[in-house]
Structures are given as structure tokens and as C-alpha cells.
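Report on one structure; see the data block that follows.
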Amino acid sequence: MRKLIWIMLAIIALQACDRNREVYNIEVNLDGSEGKWIKLLAREDRNYVTYDSVFAEEGSNAVLSKGVKGVSTMYMTVEDAEGSIRLLIENSNYTISGTLEDHEITTDSKAQNDLNAYNEKLRPITEKMNKLVTELRKSPDPENPMNSDSLRAAYYELYDKQGAMDSVYIAENPASFAAVLALRGTFYTLDTEQLEAVLTSLDTPLQQMEEYKYMYGKLERMKAVAIGQKYTDFSLETPEGEILKVSDAHNGSVLLIDFWASWCGPCRRANPEVVEIFNDYHENGFNILGVSLDRDSASWVKAIANDNLAWSHISDLKYWNSEGAELYGVPSIPHTVLIDRNGIITAKNLHGAELREAIESLL
């Protein structure tokens, strides 16, 4: 009997140690990885940095072992190989085999098992999307120029379908770490109230994830500049190097703050319509302030000229770290904010007839 008690105590002690692991242990057996570096990449300030790495010796599996705080999203890469494997890393055991494109992950990590289940659910769609991306990367067929358009249309249709599936997954799996990643890819479509409702519906352990903290930070900034609030003033440089404030551009007019960039395809495609609206209402007291998320001054200035954007423009050329974009919680671009003559935010992201109606009601 005493021996049985000691055995049970030993098992409990081992389980306690397992739960309080201080490092992860990742055994890697990926095809073609022998003689190459295997890296775990983490994101810092929108850049990828190497968090851990190992050289895969021939004849044995490579092992990555290091401590991590909480649960972190990382990406496994292999030297000179395209693609990566998205992982939710915590101090647990992982075994990864197969290829970067078609792999199998076995683990005792709840977070990673959540992600495995989520990936499997989306597999039929993601496989189709990957095939379309491969086709789109090929040189356009001069004899069939419409083919690229049809491929893009098919891709965006699948993208929207994935977004709808993500919304259902988040609602049905509030305890899943993968739900945070799903929300990170779609939260920019939600307004302040919707985002707050979804974030508060997720279980407490998920709040440790950097993606959750990022979205919560965006929510707080979105609240400060929500519809019905007075606009937040800030100043940046014009292309000529002068300092211009939002309040300078507003000055009692109806103002549209347009967050955009020269590298943003949807922004550039929307510009002709914005130019028409500016020309139609500017003399009646409507103004636009362009806030660019560019990094290169020459590209920014060239786009202003090429698209005939005759209103004022400012930028700090800090890309997504733009002070203006941070203050206004901009999740994606194009992003517009409509302000009335009294400085109150009345609408966001209106286009076409809706934007025209809103402007006319404020003039």
C-alpha cells in the first residue's frame, strides 16, 4: 500500500513539473531541412526577428528549446525555402514533421491544438486560395487579359467566405486561442461597439496574447475618436516640410480625414471618386486632409500628383507607426473620418452616394 502511495505521489509530482515547464521543446523533422538552419520568427513592431534557431544536422531531428512567456505567435522557417508554419508557442512539447506546405503537428499545447483544429476547419478554403495566389503570381497571359481579373474575383470571394467562417468560429469558440488569431484578421471590419463585444466575449486566458492586447489598444483609441466625439488634433509635415494640424485643415469646414498611402491599391482606386467629391463640394465649405502611411517621400509626392489630389496632405513617413493612424486607431486603409463644422465626428468609411449625402447634410 505504501509503495502505491509513493508511486501516485511521484506521478503527481511529474504532472506538476510538466504543468510548470520553463521551456518549450520542439522536435523538427521537416523534409529537406537537413544541413539547413531552422528558425522561429516572432513579430516586433511589424518586423520579423529570430527568436530561436537550430542547425539541422544530418541523421537526427533538430530540436528547439527555449523559454517563452505565455502564448506567442511565431513562424517556423527553413533556410532557402519558401513559406512558413504558423505556431502558437508556449512552454510545451511539439513534434513537427512533413513539409512547410503540408505538415503535421503533434503537441500537448492547448493553444497549438486549438490552432490545429482551426486550420483543419479552414483547409478546404485555404487550399483553394493558395492555388489562386500561385496562378496570380504567374506572368499575365497577353492573349487572355481577363483571366487575372477572374482569378482575383475568385480569390476575394473565398476571402469573404473565410471572413464569414471566422466570425462563426469566434462566436462558437470563445475559449480557443485560435479565435484571437481569427479576430486579428477580421477586426478591422467591426465598429467600436462590435469589437468591444467580441473582445469581452473571449475567455480571460486569451487576453495574454499580443494579438489580443493589440486589438484592445486599438479599441481604446477607437473609443476616443468614436462617432459623436470631438476630433483629436495632431500635426505632421506637409510634402513641403511645413507643419500642418488637423485643426488648420478643419477651420470651421466640413472635413474628411483620408488615411491612405501610395502603395495601397484600394486607396489609389478610390481616389478618382474622392477627387470628384472634393471638386463638387469644396467651394461650399468641404475640405479634405490626406494623412499618408507612406515610408518614401518621393512615392508619396508622386502619387499626389498622379492622382490629382488637390487638397492638403501630411505624413511622418512612419508607415503603420504613423502618429495620426495610431491616434485614430486606424486598422486598415483606406480609412476616412468625416467631421462636421463644430468638430464632431459624424461618420467613418463612407463611400459614393452615402458620403455625398452625409456631406450635403452637414454643409
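The values are calculated or read from the model by the stated rules, or taken from the named source; none is laboratory data. Only a predicted model underlies this, so the values are computations on that prediction, with no experimental measurement involved. For neighbour counting, all protein chains shown are included, and Cβ atoms are generated from backbone atoms with ideal geometry for every residue, glycine included. Protein only, heavy atoms only, side chains kept; ligands, DNA and RNA dropped before computing areas. Shrake-Rupley method; radii C 1.70, N 1.55, O 1.52, S 1.80 Å.
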Those residues of the stretch 316-330 which are open to solvent by less than 40 Å² (accessible area, probe 1.4 Å), in contact with a Lys or Arg (Cβ under 9 Å, 6 or more places away or on another chain) and part of a loop (DSSP other than H, G, I, E, B) amount to 328, 329, 330
Within the stretch 340-363, residues in contact with a helix residue (DSSP H, G or I) (Cβ under 6 Å, 6 or more places away or on another chain) and either assigned to a strand (DSSP E or B) or acidic (Asp, Glu) (or both) come out as 340, 347
All-but-one check, residue 150 against (1) farther than 29 Å from residue 210 by Cα; (2) surrounded by 14 or more Cβ atoms within 10 Å (Cβ to Cβ), failing number (2)
Expected single match for touching a Ser or Thr at 6+ places or on another chain (Cβ under 8 Å) and in a helix (DSSP H, G or I) among 199, 256, 236, 219 is 219
Margin query: Any residue that is modelled with pLDDT of 95 or more, buried (at least 16 other Cβ atoms within 10 Å of the Cβ) and within 23 Å of residue 191 (Cα to Cα) - is there at least one of those in the stretch 301-315?
Written below: no
Taking the stretch 168-191 and keeping only residues that are assigned to a helix (DSSP H, G or I) and at pLDDT below 85, one is left with 188, 189
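Test residue 241 against the criterion of being more than 26 Å from residue 190 (Cα to Cα), open to solvent by 20 Å² or more (accessible area, probe 1.4 Å), not aliphatic (A, V, I, L, M) and not in a helix (DSSP H, G or I), and give yes or no.
Values: more than 26 Å from residue 190 (Cα to Cα): yes; open to solvent by 20 Å² or more (accessible area, probe 1.4 Å): yes; not aliphatic (A, V, I, L, M): yes; not in a helix (DSSP H, G or I): yes.
Yes; evaluated as a whole, the condition is true for this residue.
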Residue pairs qualifying under the 9 Å Cβ cut-off, at least six apart or on distinct chains, with the first in the stretch 197-211 being of a type in the set (S, T, N, Q) and the second being part of a helix (DSSP H, G or I), are 201/170; 201/171; 207/180; 207/199; 207/213; 207/216
Over the stretch 142-167, the set of residues at pLDDT 85 or above and of a type in the set (Lys, Arg) is 161
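Considering only residues of the stretch 81-103 that are of a type in the set (Gly, Ala, Ser) and within 27 Å of residue 153 (Cα to Cα), which is surrounded by the most Cβ atoms within 10 Å (Cβ to Cβ)? Spell out how you get there, then give the answer.
Taking the stretch 81-103 as the starting set, the residues that turn out to be of a type in the set (Gly, Ala, Ser) are 81, 83-84, 92, 97-98.
Next, from what is left, pick out any that are within 27 Å of residue 153 (Cα to Cα): 83-84.
Working: 83: 13, 84: 16.
Among residues in the stretch 81-103 that are of a type in the set (Gly, Ala, Ser) and within 27 Å of residue 153 (Cα to Cα), the one surrounded by the most Cβ atoms within 10 Å (Cβ to Cβ) is 84.
Return the only residue of 120, 135 being of a type in the set (Asp, Glu), open to solvent by 60 Å² or more (accessible area, probe 1.4 Å) and modelled with pLDDT of 90 or more. I'd like the intermediate steps shown before the answer.
Working: 135 fails: modelled with pLDDT of 90 or more.
None of the other options fit; the residue is 120.
With 198, 254 as the choices, which residue is open to solvent by less than 30 Å² (accessible area, probe 1.4 Å) and either out of contact with any Lys or Arg (no Cβ under 6 Å at 6 or more places or on another chain) or of a type in the set (A, V, I, L, M) (or both)? Break it down stepwise before answering.
Working: 198 fails: open to solvent by less than 30 Å² (accessible area, probe 1.4 Å).
Matching residue, one of 198, 254: 254.
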For residue 350, the lone unmet condition from (1) open to solvent by less than 60 Å² (accessible area, probe 1.4 Å); (2) touching a residue at least 24 places away in the same chain (Cβ under 8 Å); (3) not aromatic (Phe, Trp, Tyr) is (2)
Going through the stretch 49-72 in order, the residues found to be of a type in the set (Asp, Glu) and buried (at least 16 other Cβ atoms within 10 Å of the Cβ) are 52
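Of these, 273, 354, 326, which one is acidic (Asp, Glu) and under 18 Å from residue 221 (Cα atoms)?
Details: 273 fails: under 18 Å from residue 221 (Cα atoms); 354 fails: under 18 Å from residue 221 (Cα atoms).
Result: 326 is the single residue among 273, 354, 326 that is acidic (Asp, Glu) and under 18 Å from residue 221 (Cα atoms).
Quick check on my filter: what residues within the stretch 257-281 are surrounded by 15 or more Cβ atoms within 10 Å (Cβ to Cβ) and not aromatic (Phe, Trp, Tyr)? Break it down stepwise before answering.
So in the stretch 257-281, the residues surrounded by 15 or more Cβ atoms within 10 Å (Cβ to Cβ) come out as 257-264, 267-268, 270-271, 274-275, 277-278, 281.
Across the stretch 257-281, the qualifying residues are 257, 258, 261, 262, 264, 267, 268, 270, 271, 274, 275, 277.
Quick check on my filter: what residues within the stretch 50-71 are in a strand (DSSP E or B) and of a type in the set (Lys, Arg)?
Of the residues in the stretch 50-71, the ones in a strand (DSSP E or B) are 50-55, 62-66.
If the condition is that a residue be in a strand (DSSP E or B) and of a type in the set (Lys, Arg), then 66 is the only one that fits.
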The condition from (1) at pLDDT below 95; (2) surrounded by fewer than 16 Cβ atoms within 10 Å (Cβ to Cβ); (3) farther than 19 Å from residue 183 by Cβ; (4) of a type in the set (S, T, N, Q) that residue 106 misses is numbered (1)
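Taking residue 333, is it open to solvent by 10 Å² or more (accessible area, probe 1.4 Å) and touching a Gly at 6+ places or on another chain (Cβ under 8 Å)? Write out each step before concluding.
On the way: open to solvent by 10 Å² or more (accessible area, probe 1.4 Å): yes; touching a Gly at 6+ places or on another chain (Cβ under 8 Å): no.
Here the answer is no, as residue 333 does not meet what is asked.
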Taking the stretch 222-237 and keeping residues surrounded by 14 or more Cβ atoms within 10 Å (Cβ to Cβ) and either among the aromatic types (Phe, Trp, Tyr) or closer than 30 Å to residue 298 by Cα (or both) leaves 231, 232, 234, 235, 236, 237
